[in-house]
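Everything below concerns the one structure shown next.
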Amino acid sequence: MRNVFGALFLLLAFVGCQTKPTKVTSEQGVVGAPEKLMEGSPVILDVRAPFEFNLSHVPGAINVRWEDFSSQDPNSRGVLQDDLFAIARRLSLIGIDPDSKVVILGKGSLGNGEEGRIAWTLNVLGVKNVHTALHTVARATNPKGDEPLVKNKSIWKPVVDESLFIDARNFKAYATQQLSPLKMTGKKKHKKAMDLPVSSLFGMNFNDAKNKVVILDVRAAAEYGINNLTKYKTVKAPVVQLEWKEFFNEDNSVKKDIEKKLESKGITKDKIVMVISNHGVRSGAVTYALRESGFRQSVNFAGGYEQWK
């Protein structure tokens with residue numbers, strides 16, 4: 001009987017030795033991505049709420065909010081401050097100038113596009129080497145220790161990229177595809193109304209540009225269903241809905257394969273894409289993502305539905 005149990009034990013041991021080892025999938029690409037992102041001592045911004053930032057953040061990160069650079073007008077909260085030079089001065093105090101590499105951390109799809117909004121703001125001011133990432137992905141990539149001191153930059157004058165934003169007057173003209181009458185006031189009054197001049201878009205005059213315009217609504221489908229520009233009879237430009245989250249990967253980087261999805265909705269790189277959300281945050285994020293993806297004729301209506309009203 002002992003011999004039988006002994007033989008059975010040897011058999012089981014032999015079979016166990018023949019079992020194939022568990023296959024382990026390498027995640028070197030995932031680990032390497034944030035490490036590469038942090039190369040070159042970038043300026044790190046964290047756009048989360050101050051409470052979350054104070055609980056935990058990447059050493060050396062600076063807490064900023066998109067509202068810090070925006071209008072105080074409650075009806076135009078998404079519009080950038082008029083004095084862009086003042087914004088540039090503030091950025092210089094936290095170590096940012098046009099040559100800086102900036103990494104912006106946030107909550108990704110759990111937030112509202114704040115990282116992309118700050119990236120768009122920096123792009124407007126001429127800071128182009130900008131990247132977005134999750135705060136959790138980057139946390140372990142910085143060395144531990146005391147908080148490094150912020151190194152100020154010399155005050156610089158922004159070279160503003162006006163092609164990245166459009167005001168309410170011009171947005172309305174291109175959305176309705178018609179010029180609005182303007183009655184001149186002052187010492188010399190005109191009896192007849194005159195055509196309201198509009199800014200050219202990407203070097204095209206109004207008549208050429210209006211036929212290329214597509215309005216991209218990047219709010220959630222539920223928001224779009226409640227109210228959107230197609231419900232206004234005066235709006236003649238085509239309106240497409242695609243939520244802002246579709247433009248970013250899980251790690252909060254910009255999707256490089258978004259072009260196919262956009263093409264399926266009639267948005268190609270030769271179109272002029274006017275992006276809209278409620279007050280310019282999510283639309284700013286998408287405008288940043290579109291530019292990164294090669295859609296050079298994309299523009300943010302920073303006033304959003306809040307200003308459209």
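The values are calculated or read from the model by the stated rules, or taken from the named source; none is laboratory data. Keep in mind the model is a prediction, meaning the values are calculated, not measured. Glycine also receives a Cβ, built like all others from the backbone with ideal geometry; neighbour counts cover every protein chain displayed. Note: accessible area is taken over every heavy atom of the protein model, side chains too, but ligands, DNA and RNA are not part of it. Shrake-Rupley method; radii C 1.70, N 1.55, O 1.52, S 1.80 Å.
Quick check on Lys192: is it out of contact with any helix residue (DSSP H, G or I) (no Cβ under 9 Å at 6 or more places or on another chain), open to solvent by 90 Å² or more (accessible area, probe 1.4 Å), modelled with pLDDT under 75 and farther than 22 Å from Ile94 by Cα? Walk me through how you get there before you give the answer.
On the way: out of contact with any helix residue (DSSP H, G or I) (no Cβ under 9 Å at 6 or more places or on another chain): yes; open to solvent by 90 Å² or more (accessible area, probe 1.4 Å): yes; modelled with pLDDT under 75: yes; farther than 22 Å from Ile94 by Cα: yes.
Yes; evaluated as a whole, the condition is true for this residue.
Of all residues in the stretch 68-104 being surrounded by fewer than 14 Cβ atoms within 10 Å (Cβ to Cβ) and of a type in the set (Asp, Glu), which is nearest to His135 (Cα to Cα)?
Among those that are surrounded by fewer than 14 Cβ atoms within 10 Å (Cβ to Cβ) and of a type in the set (Asp, Glu), it is Asp68.
Need a quick list: helices (runs of 4 or more DSSP H) entirely within the stretch 198-289 having at least 3 residues that are open to solvent by 10 Å² or more (accessible area, probe 1.4 Å), at pLDDT below 95 and out of contact with any Lys or Arg (no Cβ under 9 Å at 6 or more places or on another chain).
206-210
Condition check: in a loop (DSSP other than H, G, I, E, B) and of a type in the set (A, V, I, L, M, F, W, C). Does Val127 satisfy that?
yes
Only one of Gly108, Gly126 is open to solvent by less than 10 Å² (accessible area, probe 1.4 Å) and either farther than 20 Å from Asp167 by Cβ or in contact (Cβ under 8 Å) with a residue 24 or more places away in the chain (or both). Can you tell me which?
Step by step, each of Gly108, Gly126 is checked, and only Gly108 is open to solvent by less than 10 Å² (accessible area, probe 1.4 Å) and either farther than 20 Å from Asp167 by Cβ or in contact (Cβ under 8 Å) with a residue 24 or more places away in the chain (or both).
Looking at Val43 and the list (1) loosely packed, with under 10 Cβ neighbours inside 10 Å; (2) modelled with pLDDT of 85 or more; (3) under 16 Å from Ala133 (Cβ atoms); (4) of a type outside the set (D, E, K, R), which single condition is not satisfied?
Single failed check for Val43: (1).
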